């Protein structure tokens, strides 16, 4: 299924770029969104009554909330009300016993029958669950009490009356199930695999499902999927930090979604209506291809693409992605095949080309951006160096990186100076010697296994600490340093079974939170993160990196978007992520001024007082801001041509880490394989 999906998307891409393609500009669509807040029932009822939220759903295609309401004079019985989005309400059931208004999940089927689920504890580790069905007339049809705990995540009903649940139980991580409406028996659905990221909604005779890449219709009998709405190529993003309560697709061709916070608050529930709209009328499409537009970097690009499409009269951006239904490795391979044939997308996003990127770059597959920069008046000095440093060859610039984001792995690590035996930053020989001399059991860093430690020690050096001679096309891994690196990696690899302490702590370089030089010295820490040939540097993530396809017929339009991403408007956009920085120096300075003026408040929830855990941790002084700027000035990407060799080394070293082969055998195998690679690619 995954390969079929990817091939289908790539066939569509080929059609787009061929002169006889079937896809026209007018057939592209984007998704517009309208939001309407739900009436705040809790706030309105707090004055003269008590109420408990039982659930939000679509009932007869209308968004509603169900509430148990009782007065201060009677805490033993409650009435259940149906609330409309404008606050109007109606009584459904009255004088129900107390079990209807504590932690519960209720659902109203299309006939007005109420399903009610809740748990109660017999002891701290012993729970029972209750399932109730009450007919619209008020007659109790059944009440079942069972062992265990069941947490209902979602409920939906098909037009044929069948009811499905998404739930988790004390005996399982999660499941989709069907509820027997007559008996209350819950039976797991085995025709499709449970996915915690999938939401379910009311369909016709089939189940509607929402995934990150669109709406699907699911045949519950055989597990077959049919795409209904695709988010691929659109700028739509689901609301951040919100959970989906219910959704429907209307006869008018709209999608309606009920969103609420992950917290217990009900004041933020809102109705979101989505429309498919024609886009790009009279404009030229620019296809930007990525594996997945998710996370903070993908969300930023979707926001920027939407702004660009609104403002630009000549071009519009189409965001094409493999999606969660596809295979990223296969997608990268197929995309590279297209590029080799002189086709493919106009813009490459992030690591969409995977292991084929270096080969494409070395064969001139990326357009040189310097002429476009000079024509647009963009100077390298206006940005931090890594903005143009991922793919370049001397003065030729083949990529731009729009934001600087340091991942835990790339951001850096700090190690106790006691381990190094000095407060000076160590070089690679000093570091591995110190680790091998350390007498206590430990791991290098949490969740970094031996292969990860090995890669961390090697990845910053373009010649792998002198072991590879690129000019001669030779290698020599027989030296003492490489043997020590392998030994240190094996000894200090993380193993969840051992639960050993870690020597190094990760640094994210988060605004206001990073450990500055003074704090490091005070706490006895030494930098030991990504070591390059000339010292330690932070390694920015590659997710914000873009390249233009040299074979694209729309390079001018592609550059228009890249230029927009470097503009003041885009660079000053607040992503609300304090570990992501603009590459524009002016935008960075404006960010620092804003942060220093507004400040950050860390509050102790118990006392309400500001808490400073250690000196200088949250105070963005001028000296700390200057040090952060120095870190960003020195941020650099890893050398790309070493990537295939690192894969060979880590692949073969695993047999040494697993005690299958000796150190000497592994070094000999690595030397032979790397030399073969160099010979084949000379």
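Here, each number is a calculation from the coordinates, and none is a lab measurement. Given the structure is predicted, the values throughout are model-derived calculations rather than measurements. Note that each Cβ is placed from the backbone with ideal geometry, even for glycine, and that neighbours are counted across all protein chains shown.
Once you have a ≥ b ≥ c as the square roots of the Cα gyration tensor eigenvalues for segment 33-277, tell me rounded if a/c is under 1.5, and otherwise prolate or oblate according to whether a/b is larger than b/c.
On the way: a/c = 1.73, a/b = 1.24, b/c = 1.39.
Since a/c reaches 1.5 but b/c is at least a/b, the shape of segment 33-277 is classed as oblate.
Using alpha carbon centroids, what distance separates segment 120-175 and segment 301-367, in Å?
The distance from the Cα centre of segment 120-175 to that of segment 301-367 comes to 46 Å.
Kindly list the residues of segment 446-463 that lie in the label zone of residue 476, defined by a backbone N under 11 Å from the point 7 Å along the Cα-to-C-beta vector.
Output list for this probe position: empty.
Between residue 49 and residue 440, what length in nm is gained on full extension when 0.36 nm per residue of separation is reduced by their alpha carbon distance? Kindly include the intermediate steps, with their values, before the conclusion.
Numbers: separation 391, 0.36 × 391 = 140.76 nm, distance 6.25 nm.
Answer, rounded to one decimal: 134.5 nm.
Rank these for me by crowding, 648, 670, 248, going from fewest to most other beta carbons within 10 Å. Spell out each step's value before the answer.
Values: 648 16, 670 24, 248 20.
Placing the least packed residue first, the sequence is 648, 248, 670.
Under a plain spin-label model, where a point goes 7 Å from the Cα along Cα-to-Cβ, how far apart in nm are residue 146 and residue 575?
It is 4.5 nm.
Post the alpha-carbon centroid distance, segment 547-583 to segment 372-389, in whole angstrom.
Measuring centre to centre over Cα atoms gives 12 Å.
Just to be sure I understand, if you calculate volume of the Cα convex hull per residue in Å³ for this structure, which of (1) 130; (2) 151; (3) 205 do you get?
Correct label, based on the coordinates given: (3).
As I understand it, the value is the acute angle between the Cα axis of helix 643-657 and the longest principal axis of the Cα atoms of the chain; what does it come to in degrees, rounded to 10?
Between helix and principal axis, roughly 80 degrees.
Report, in degrees rounded to the nearest 10, the 0 to 90 angle that the Cα long axis of helix 663-680 makes with the longest principal axis of the chain.
80
What is the calculated FRET efficiency for residue 121 to residue 423, with r their C-beta to C-beta distance and R₀ = 41 Å, to the nearest 0.05?
Calculated transfer efficiency: 0.15.
Starting with the fewest neighbours, write out 641, 636 ranked by other beta-carbon atoms found within 10 Å of each beta-carbon. Mind showing how you got there, number by number?
Values: 641 13, 636 19.
With the sparsest Cβ surroundings first, the list reads 641, 636.
May I ask you to order 191-202, 380-391 by the average number of other C-beta atoms within 10 Å around their residues, highest value first? Walk me through the numbers on the way to the answer.
Details: 191-202: 16.2, 380-391: 19.8.
Per-residue mean Cβ counts within 10 Å order the peptides as 380-391, 191-202.
May I ask you to sort 400, 643, 228 by Cβ crowding, counting other Cβ atoms within 10 Å and putting the fewest first? Write out the running numbers ahead of the final one.
Numbers: 400 26, 643 13, 228 16.
Taking fewest neighbouring Cβ atoms as first place, the list is 643, 228, 400.
Just want to confirm a number: the relative contact order over segment 33-277, from Cα pairs under 8 angstrom separated by 6+ residues, in percent.
Answer for segment 33-277 is 15 percent.
Can you compute the helix-only [θ] at 222 nm over the chain? Use -39500 (n - 2.57) per DSSP H run of at least 4 residues, normalise by all residues, nearest 500 deg cm²/dmol.
Values: 18 runs with 185 residues, N = 682.
When only DSSP H runs of four or more count, the value is -8000 deg cm²/dmol.
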